[in-house]
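K.L.:
One structure, as structure tokens, below. Some questions next.
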Amino acid sequence: MSKEVTRTFDVLDWIHEKFQREDALGGKKNDEWYTYSTDEYIKKAHECAMGFLSEGFKKGDVVATVSANRPEWNFADMGLAMNGMIHLPIYPTISDLDYHYIFLHAEAKCVIVGDCRLFKRISKLVKDIPCVKKIYCFEDIEECESFNSLLCKGKDNAEKLYKVVEESKSSVKQDDVASLIYTSGTTGIPKGVMLTHRNLVSNFLSHSRVIKMKKGDRALSFLPLCHVYERSLNYHFQYNGLGIYYVKNLGQIIPSIREIRPAIMNTVPRVLERVYDGFVSKEKNLKGYKRIIYLWAMEITRYFEFNKKYNVFFQLVIKLADKLVYSKWREALGYKLIYIVCGGASLQPRIVRAFGMAGIKVVEGYGLTETSPVIAVGNPLLKKLKVGTVGPVMEGVTVKLADDGEILCKGPSVMKGYYKSPEKSAEVIDKDGWFHTGDIGCFEDDIYLKITDRKKEMFKMSGGKYIAPQMIENKLKESFFIEQAMVIGENEKFASALISPNFEYLHDWCSQQKIQFRDNSEMISRKEVLSQFSKEVNSINKSLGQVEQIKRFKIVGTEWSSQTGELSPTLKLRRKHIKNKYKGPIEEIYSVQKPHNVFYNFKLPHVNFRFDMNEILKKSYFSPKKMKKMKNNKKN
């Protein structure tokens, strides 16, 4: 009988019994793939646990990892868990100030870094942090003791320490803290989220049951394992017996997909948008009937719905489009890709529909670090998927909506609390145990959860109406010309937007229009470009309420990214940073020098009049200029 999985490291016994395979974990070194078998993985994890014990570390000690994705990360994760130690995974891209704060606040005793570059950076930072006693490096470099040497120490001391590790495993309880994960700190000082074994295990067991995979299937992992979203899917993939191949950076994704041919991968909307944009851009290289067929196939994707039964004629149409176009998309994605799990932000429905029509299910989910993380996710096994929603609430989780629409949840995956901060914990977990997510949502068909905005991001206009910016931003991003957008207008008379263009698409468009420019700054100031963006914004405004409509916008000359600071590591807008960076352009938008166009509508039976009051004032006898002239004449 299989041992029940109640702690994260119990997965090792589970896969040893049920899923023996030669490629349990895989990585890439010098452009060559290497793998670890199931038994090698389990052996290395135990060597890691014994290695830490041989170095004097004990239960409850905090050990940080700062590394890109790699198979060896799992050895550390499982080895620490078996010892009852606390794993503190940290993004490799955060600021020195954040590193310093996190190491001190968490009282980290040890840091494992990914490479030489990270070692040089971290080693300087920890010189004045007395709690950090040791640094190891996953890669073999002269300047630092290697992670392999730690494994060797464990192996050399196996005779006396193996039994100690087994005793340690028995002493670890479900409610012991397994991991500390610090929030990104985009809105203030980072908070350490305490996640127990029960939190993590209950969550990945639930979402591992919604997708059925075949023996021998592979998964691709490229989102940072330090984020609980990818980490939870990582446990999920292991529990389902998949071979997991790790990619260190986004540039390796497409080549790796073709080489590995995964059946499933986890991603965020931005990556899918890039892939989709690649499909769209294929059209411009085609001519004649090939271009017409391609555009026709793209148009058909609009009609995709999950579990929809099409009539016989339309089924034939889809088969033809699949043979001519969609099959080429699947070929580009390695032939075998069936599921793409997506979360972290809202995904444009047209992208879900395009992949869906091509036979690749995009399974959207929703959650937070504090909920380990998944609260709701699409369920392909029960055919509970709906475009534009994040699926039904997951098994074991209870959700209710507050009076203002805020999503509240309860269940075994809700965090133990914020580390050393009971007052902050009490702010988000009420006396009845409900965790307040800060997200606004609703239910569609009484089943599917839909996220409409962040409670803290909603703002009030000067007229008293509230604006939900995320919904408007997602609509703006449906334009091929717009990569990112941030809606502004708190305490102002009207809503506006800062727009970061899709520069690749815009360059191609300018080339087709024979528009000459020296650089991006000159390009975005050209009247033809401004006119096109006005058309895009006006088109989107038609689907918005009058208060929500974007009355003015500013195009910025740079691409927003996590490296330049406009996006968080999970590719969400860092609104405060963007507002500070573009303070000048925002002030220009709301300056009173240029009057805003005000439109009036009059309806009479069978007649509809619409006119621009500013234009009438300019042309009328009582226009501001003529009024001023009349006043001067009167004085004279």
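The values are calculated or read from the model by the stated rules, or taken from the named source; none is laboratory data. From a predicted model like this one, the values you see are computed outputs, not experimental measurements. Every residue, glycine among them, receives a Cβ derived from its backbone with ideal geometry; neighbour counts consider all protein chains shown.
K.L.:
Being at negative phi, crowded, with 21+ Cβ neighbours inside 10 Å and either not in a loop (DSSP other than H, G, I, E, B) or not assigned by TED's automatic domain parsing to the domain that holds ARG302 (or both) is the requirement here; does LEU544 meet it?
P.N.:
So LEU544 does not fit the description; no.
K.L.:
Cβ-Cβ under 8 Å, sequence separation 6+ or interchain: first residue in the stretch 410-424 and more than 17 Å from LEU88 (Cα to Cα), partner among the aliphatic types (A, V, I, L, M) and in a loop (DSSP other than H, G, I, E, B). Which pairs?
P.N.:
The qualifying pairs are LYS410/VAL397; GLY411/VAL397; SER413/VAL397.
K.L.:
Any residue that is basic (Lys, Arg) and either exposed (fewer than 12 other Cβ atoms within 10 Å of the Cβ) or farther than 30 Å from ILE181 by Cβ (or both) - is there at least one of those in the stretch 560-572?
P.N.:
no
K.L.:
Taking the stretch 480-501 on its own, how many of its residues are in contact with a Ser or Thr (Cβ under 8 Å, 6 or more places away or on another chain) and part of a loop (DSSP other than H, G, I, E, B)?
P.N.:
Residues that pass the stated criteria total 4.
K.L.:
Continuing with the same structure: Could you say whether any residue in the stretch 473-487 is of a type outside the set (Ser, Thr, Tyr), free of Cβ contacts under 8 Å to residues at least 12 places away in the same chain, out of contact with any strand residue (DSSP E or B) (no Cβ under 8 Å at 6 or more places or on another chain) and closer than 28 Å to THR398 by Cα?
P.N.:
no
K.L.:
Within the stretch 329-354, take every residue that is surrounded by fewer than 17 Cβ atoms within 10 Å (Cβ to Cβ) and of a type in the set (Lys, Arg) and give me the one that is farthest from PRO469 (Cα to Cα).
P.N.:
LYS336
K.L.:
Given (1) on the phi > 0 side of the Ramachandran plot; (2) under 28 Å from the mean Cα position of the chain (by Cα); (3) of a type outside the set (Lys, Arg); (4) at pLDDT 95 or above, where does TRP33 come up short, assuming only one miss?
P.N.:
All conditions pass for TRP33, except number (1).
Residue-wise test of (1) within 30 Å of VAL393 (Cα to Cα); (2) of a type in the set (Asp, Glu).
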residue: TYR99; (1), (2): no, no
residue: ALA108; (1), (2): no, no
residue: CYS116; (1), (2): no, no
residue: ASP128; (1), (2): no, yes
residue: LYS133; (1), (2): no, no
residue: SER149; (1), (2): no, no
residue: ASN157; (1), (2): no, no
residue: ALA178; (1), (2): yes, no
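K.L.:
Right, here's the next one. Got a number for residues in the stretch 62-107 being touching a residue at least 24 places away in the same chain (Cβ under 8 Å) and either basic (Lys, Arg) or over 21 Å from PHE9 (Cα atoms) (or both)?
P.N.:
Within the stretch 62-107, residues that are touching a residue at least 24 places away in the same chain (Cβ under 8 Å) and either basic (Lys, Arg) or over 21 Å from PHE9 (Cα atoms) (or both) number 17.
K.L.:
Here's another thing I want to ask about it. Would you mind listing the strands (runs of 3 or more DSSP E) fully within the stretch 186-295 where at least 1 residues are among the β-branched types (Val, Ile, Thr) and farther than 28 Å from GLU478 by Cβ?
P.N.:
Strands (runs of 3 or more DSSP E) meeting the threshold: 192-196, 243-246.
K.L.:
Does the stretch 22-47 hold any residues that are without any contact (Cβ under 8 Å) to a residue 12 or more places away in the chain and assigned to a helix (DSSP H, G or I), and which are they?
P.N.:
LYS43
K.L.:
Moving to a separate point now. If the requirement is being modelled with pLDDT of 95 or more and either outside any loop (DSSP other than H, G, I, E, B) or farther than 19 Å from GLN238 by Cβ (or both), which of these qualifies: THR93, THR65?
P.N.:
Answer to the selection: THR65.
K.L.:
Which one of the conditions (1) in a loop (DSSP other than H, G, I, E, B); (2) among the acidic types (Asp, Glu); (3) farther than 17 Å from VAL387 by Cβ does GLU331 fail to meet, given that it meets all the rest?
P.N.:
With (1) in a loop (DSSP other than H, G, I, E, B); (2) among the acidic types (Asp, Glu); (3) farther than 17 Å from VAL387 by Cβ applied to GLU331, the lone miss is (1).
K.L.:
Within the stretch 218-240, identify whether any single residue is of a type in the set (Val, Ile, Thr) and surrounded by fewer than 21 Cβ atoms within 10 Å (Cβ to Cβ), and answer yes or no.
P.N.:
No, every residue in the stretch 218-240 fails to be of a type in the set (Val, Ile, Thr) and surrounded by fewer than 21 Cβ atoms within 10 Å (Cβ to Cβ).
K.L.:
Search the stretch 541-583 for residues being of a type in the set (A, V, I, L, M), under 19 Å from MET471 (Cα atoms) and within 24 Å of the chain's Cα centre (by Cα), and hand back the single one that is modelled with the highest pLDDT.
P.N.:
ILE578
K.L.:
Could you check, for the stretch 335-351, whether at least one of its residues is free of Cβ contacts under 8 Å to residues at least 60 places away in the same chain, assigned to a loop (DSSP other than H, G, I, E, B) and more than 23 Å from THR570 (Cβ to Cβ)?
P.N.:
no
K.L.:
Quick check on this structure: which one of MET50, MET78 is in a helix (DSSP H, G or I) and closer than 16 Å to SER146 by Cα?
P.N.:
Exactly one of MET50, MET78 is in a helix (DSSP H, G or I) and closer than 16 Å to SER146 by Cα, namely MET50.
K.L.:
Here's another thing I want to ask about it. Got a sec? Which of LYS308, LYS284, LYS336 is farther than 30 Å from GLY417 by Cβ, basic (Lys, Arg) and touching a Lys or Arg at 6+ places or on another chain (Cβ under 6 Å)?
P.N.:
It is LYS336.
K.L.:
On to the next question. With respect to TYR229, determine if the residue is among the aromatic types (Phe, Trp, Tyr) and at pLDDT 95 or above.
P.N.:
no
K.L.:
Shifting gears a bit: Within the stretch 96-119, restricting attention to residues that are over 24 Å from the mean Cα position of the chain (by Cα) and part of a loop (DSSP other than H, G, I, E, B), which residue is nearest to GLU139 (Cα to Cα)?
P.N.:
If we take residues in the stretch 96-119 being over 24 Å from the mean Cα position of the chain (by Cα) and part of a loop (DSSP other than H, G, I, E, B), then ASP115 is nearest to GLU139 (Cα to Cα).
K.L.:
Any idea how many residues of the stretch 478-495 are surrounded by fewer than 21 Cβ atoms within 10 Å (Cβ to Cβ) and not hydrophobic (A, V, I, L, M, F, W, C)?
P.N.:
Number of matching residues: 6.
K.L.:
Please enumerate the residues belonging to the stretch 573-582 that are surrounded by fewer than 17 Cβ atoms within 10 Å (Cβ to Cβ) and either in contact with an Asp or Glu (Cβ under 7 Å, 6 or more places away or on another chain) or not assigned by TED's automatic domain parsing to the domain that holds MET486 (or both).
P.N.:
Across the stretch 573-582, the qualifying residue is only HIS577.
K.L.:
Counting just the residues of the stretch 132-183 that are touching a residue at least 40 places away in the same chain (Cβ under 8 Å) and under 19 Å from ARG121 (Cα atoms), which one comes out surrounded by the fewest Cβ atoms within 10 Å (Cβ to Cβ)?
P.N.:
Checked the stretch 132-183; the qualifying residue surrounded by the fewest Cβ atoms within 10 Å (Cβ to Cβ) is LYS134.
K.L.:
Moving to a separate point now. Of all residues in the stretch 301-334, how many are without any contact (Cβ under 8 Å) to a residue 60 or more places away in the chain and either closer than 26 Å to ASN379 by Cβ or in contact with a Cys (Cβ under 9 Å, 6 or more places away or on another chain) (or both)?
P.N.:
13
K.L.:
Does TYR326 fit the bill of being more than 24 Å from the chain's Cα centre (by Cα), surrounded by 13 or more Cβ atoms within 10 Å (Cβ to Cβ) and either under 20 Å from LYS384 (Cβ atoms) or not hydrophobic (A, V, I, L, M, F, W, C) (or both)?
P.N.:
yes
K.L.:
Does VAL201 fit the bill of being among the hydrophobic types (A, V, I, L, M, F, W, C), at pLDDT 95 or above, outside the structural domain of ASP96 (by TED's automatic domain parsing) and buried (at least 21 other Cβ atoms within 10 Å of the Cβ)?
P.N.:
Considered against the rule, which asks whether it is among the hydrophobic types (A, V, I, L, M, F, W, C), at pLDDT 95 or above, outside the structural domain of ASP96 (by TED's automatic domain parsing) and buried (at least 21 other Cβ atoms within 10 Å of the Cβ), VAL201 comes out as yes.
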